[in-house]
Every structure is written in C-alpha cells, then in structure tokens.
1. Report the gain in length on full extension from Asn483 to Glu79: 0.36 nm times residue separation, minus Cα-Cα distance, nm rounded to one decimal.
2. For region 210-217, take each phi angle, set θ = phi - 60°, evaluate the Karplus expression 6.51 cos²θ - 1.76 cosθ + 1.60, and give the result in whole Hz per residue in order, putting x for glycine and proline.
3. In whole Hz, what ³J(HN,Hα) sequence does region 107-122 give by Karplus (6.51, -1.76, 1.60; θ = phi - 60°), x for Gly and Pro?
4. Pull out the extension gain between Ser251 and Ser103, defined as 0.36 nm times the separation in residues minus the alpha carbon to alpha carbon distance; nm, one decimal.
5. Mind listing the phi-derived Karplus ³J(HN,Hα) values for region 251-267, rounded to whole Hz, using 6.51, -1.76 and 1.60 with θ = phi - 60°, and x for any glycine or proline?
6. Contour minus end-to-end for Ser96 and Ala403, with contour as 0.36 nm per residue of separation and end-to-end as the Cα-Cα distance?
7. Equivalent ellipsoid semi-axes for region 336-393, as square roots of 5 times the alpha carbon gyration tensor eigenvalues: give them largest first, rounded to whole Å.
8. Under 15 Å from the Cβ of Gly104, count the other residues' Cβ atoms, weight Lys and Arg +1, Asp and Glu -1, and hand me the total.
Amino acid sequence: MRGIEVTNTDKNRLAVIAVAIAAVLFLAVNIISQTLFSATRVDVTEGRVFTLSVETIPVFRDIEEPIIVRVYFSQALSEASPRHAVYFQRISDLLSQYSALSSGMLQIKYFDPEPFSDVEDRAVGFGLQAVPLGNLSEVGYFGLAATNSTDDQEVIPFFNLEREAFIEYDLTKLVFTLSNPDQPKIGLITSLPVDGGMTPGMGGMQGTPTPPWQIMNQMRDFFEVERLDMEIEEIGEDVDVLVLAQPDGLSEVAAYTIDQWVLAGGQAIVFVDPNLESGNNPAGGIPGGAGDIANAKKLIEAWGLSLEEGVVAGDLRAAVRVNTATGSRAVISDYPAWLNLQADALNSEDAITGDLKNVTLATAGVLNALKESGLDVRPLIQTGVDSQKIAAEDVVGLPDVVAMFREFEPSGERLLLAARVTGPAKTAFPDGPPDMPANPVAEDEEEGAIEPMHLSESTQPIQVIVVSDADMLADRFWVQISNFLGQSMLMPTADNAAFLINALENLTGTPALSSLRGRGQISRPFTVVEDLRVAAEQKFRAKETELLGRLEALQNDINAIEVQQDGEGKALISGGDQRAITNYRGEILSTRKELREVQRALREEIDQLEGLTKFINIAGIPIVFGILLIVATLMRRRRIASAS
C-alpha cells in the first residue's frame, strides 16, 4: 500500500490552518477567561496593595441604601496625560470590585464633561476642580461625586497622582461615610490646640492663626467628636469612647467622673506626655514640660500603669535625623529622643497595631506595668533593645543632639510606650468621691436612705489604651501637607493617625480600615544602610567633635595674640607671635584635612554597599541568568547527544 505523499503546498496549507486555529483558540480562551475569571486576580506586590482586605469587605457588603458614584473624566485629559488615563483605569477597576461586593447597591456612572455642556455644569456644581491642559482655553476634569438616598454628598475634587498610593483608602472612606451617617460618638478632653486658634504674640501683641490639626479631620471622618471640658461632672450615655489627650489641668472632680465612667463600662484612650513639644506656650517660651497632668497620672495608675518620673525614652536605631548645630556649625545628626518606630516595635498580634508600618513619637515617656494591680497589660508600642532612658531635663529647650547621640549607651531592654489594659480594676478614689457640687445619688429601697453611687471596682473588665506621648498627634510628626490648585493634599509619613483611628474603631466596634491606612507609606527605609550609617556615625562623631574643638581652640589662640600698634597706627606683631600664628594656621589646615577624612569615612561603608547594590541590580542578575542559560543549553545538548 502506497503511503500518502505530502507536498510542500499541502504543508503550507496545513501551516496556515494551524495558525488560524491557534488564533481562534487564543481569542476563545481570552473571551472565556474574561467571562469566567474576570474577578480572579493574583497580587504579587509587596504589601498586596491591589488586594481588598478582609476587614474592609463588610464596608461594601453592608451597604443598606443605594449610593450613586459619579466619576467625571475628560477624554482630553486622557490624551494630554497618559498617566492620568492609567490612573483612571485603576480607579474604574476598584469601583467595579466595590460595586460587585455591594450587590448593586453601589452604582457607578461615568461622564465626560465636555466644555460648555450640561455635564460640565453638573461637575462644577458638585465642586469638582478643573485643570488647564496644553491649550489654555481647554480644561480637564478628573474627580468624583457620590450621594446617598438622603442627599448626603461626598466629593473628591481631583484625583491627584501624588495620592495614588492611598486611592483605595480614599474611596473606601467615602463609601463608609455615606453608608454610615450615624457615627459613633467620641468625647475629647484635651489642652492641645487641636482645633486651631491663635499662637501667642510677643509683648502682648496678637499672634498668628493656626489651622486645626489634621488628626481632628481624620477623627471626624469616621466619628462624631464632642469637646468636653476639664471640669466635667458627667459623661453622657451617648459617648462611646473617651479620649484624653494631655489633659493639662484636669480637675479632681473630672478625674473622679472619668474613673467612675470607666468602672461602669466606659472605654478610654489616654495620651500623657512628660515633655510636650506641640502645645501653645502662653509665656511665649520654648515648649517643654508636662504641665499639670497629676490627676491623669492618678487615673492610669489605677488602670495598672505608671509614667516614670523625670525620663523620656530614647532609641538609637529608631532615632529621627534632624538639623542641629555644634557651636556655630550646622550639622545633621540622629536625635535619639525623637523616634520613628518600625513594624518590629509594634505589636503585630493586636488589631490596633497589626497592620501599621511605622509610628513617630517625640520625647515620649516610659510606662511601667504595675503587677500588683492584677490587670492585663498588653504592649502596643515599644522601643527596640538599643534604648536608653534620657533625663527629661536634657530634652527641654534646645538639647545638645550631637552630644546625646555620641554618648548614647544602649541598655539592652525594650521600653514600653503604649499599652492596652484589660481586666477588673479598682477605683482611683478609694475614699469615695471628692467634694462635688452635686454627687449622683440612689435610693436604698430597703432603708429608704440616700447614698452616693460610688463604684469601688469595675462592674466588668475595663478597656483602656494608654500612650506616653501626645506630640504624635501633631501634624509635623506624621503628615506632609501640600497644595494642589487650592486643594490640600495629605501625604502621611507615619501611621500616627491610623493608630488613633484603629484604636477608636476597635473600641467602638466599627468596621476597620486599618489595612488600607497601612499601605503606601512614603517612608521606606533601607534598614541595612540605616544600621551601617548609625554605627559609622557613633564611631566617628566623637572624633569629629574633638577635631572641631581643636579648630576652635586654635582660632582662639590666634585671636588671643596681642597686636600692638606703632605711632602711625600700623599693627606690630613680634617675630615670635608671627611664627606662632604660622604654626597655628598650619595646624588648622592639617586639622581641617583630618576632619574631611573623618566626614568621608562616615559615608565610606554606605557608598560601598550602594555600589554593590547597583552592581547586583545592573549587572549581577543578568550575569546569573546568562550563566543559568548556558548551563541549561549545555545540559540539553548533552541529553540529545546521549540519546542519539
């Protein structure tokens, strides 16, 4: 039987058919995948920034009333700026996921606001911000307006590229606010200028106005906040959580009211600071000191913690770099009393701190757990082992930062900076209530007597969070604020606000957004480089200071040489003095050269590591892949040769 002869023409025809079938299969697979697996994603980014967190999914699934989200994006902006087009696609993708989770309760609509159209008028009416394009007469829009069934409205005037890392948080917060109009209530007692005001002027003159702290805007995004005074005698039943932020001047009556409220089941967050740097100073001097927080300290001692007297916490590895001066010379140095604490200093097992990346504190105090209280004290924030207790008097005013860094001696122990306290507690007023204008009373049904309603111990386990720093609430320690077309853009540098909001959400039981706030931080330190830099600075900073002191002494020696004048007013310097000046100047030149060598040594190890890293990234990885490819090719040839 003759075999079937296949000609070249047949081979070509079969090749064309195979290519056509492959193309059809490719399209079919993509269409089927798009239909069946459109919601399936694999997120391999660090921090899983494209994955919706488990904690935030209920925000969309629990929407009980329709919310309409109107996205305005100009096609002209897409053509003028491809980056904005990509950003728009990411936002559309997120909103599609949110809408699917809400089972249609979240309705997404898209509009192209062309110039002089009704759509543009509606966008302007919502308060969206127009940006000029290349043609000065043409503008573009890229914003969002959302409304619920009760006509509440939330707007993002313009999606700024600088805030792209926080887009999921911004969108989720917007939906959460519209779907939860009845917010939990927070009672706030503080002496801090959190709502803005006037800075004190010199000589009785009027000062300058200060804006509210951003921490207040963050709180009011999720909660109803009511300011309470330092003399409060009663806390309303509608208050869910009480926040005490450096309650300077808290009266004894108010302390007793808070004590009884917590024992009766109320929950509290307390910020007590042994060296406040962020409050108004009525005297117009340099901030420092704690003020009158004696009654606040009395309360936290009843809740199982004490604030150590006369010290603040220092940490060499967490020290913040600051601009300072040594004599008349400006230098940059690490300040061990200002701490940027990374994830390893935060309790990863607690819901409040588990998703946070870093928290910044300034001259924070040291907390100690009182074992005799019998309360459960769970650390939330601690220093590392490279810590030291610094005398509080050394950080008041203008501290010698360089000397503090140079003389720092790690203790090897971790210092407690923030803690959660739970368990049965006893009153801070065992002798009963202080003299009060009108004590609460109750009628004894059996004897008909009138007795004070005094709780000597808690009716249920207390829930209290204590932090040994209040400066962490101030803007400069956690956020950078920029202006874009009149719109304030917030770029968090630390999770300070997230810490407070997480704590409030945890105590009130509201849905957590912590996994969103923990993403996109602009502070991502290279820890290996940081360790090398700190070690090098400690090694050479003492030598640098010694050389600077020698330079100053030599200059003083030159200035001390007596200069005489002749009858015509000309300067006369003796031969010996002239030789001394020459020697001094020669020594100054050699000292300056030695100083430059020391300063170069500060960067040497870091530069070496940087060069190694560049080599690995640019040449090392391609070389490794090239070697692997050569090895694979040789092994394949060997297998073919052995098979034949």
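1. This chain segment gains 143.0 nm when fully extended.
2. 10, x, x, 5, 5, 4, 6, 4
3. 9, 10, 10, 10, 9, 10, x, 5, x, 6, 9, 4, 5, 5, 4, 5
4. Length difference between fully extended and current span is 48.1 nm.
5. Those phi angles translate into 6, 5, 5, 5, 4, 5, 4, 5, 4, 5, 5, 5, 5, 7, x, x, 10 Hz.
6. 104.9 nm
7. Equivalent ellipsoid of region 336-393: 20, 19, 8 Å, largest first.
8. In short, -1.
Any read-out appearing in this document is the output of simple, stated calculations on the displayed coordinates, not a laboratory observation. The structure displayed is predicted, hence computed values, not measured ones. A quick note on method: Cβ atoms are made from the backbone with ideal geometry, for glycine too, and the neighbour counts reach across all protein chains shown.
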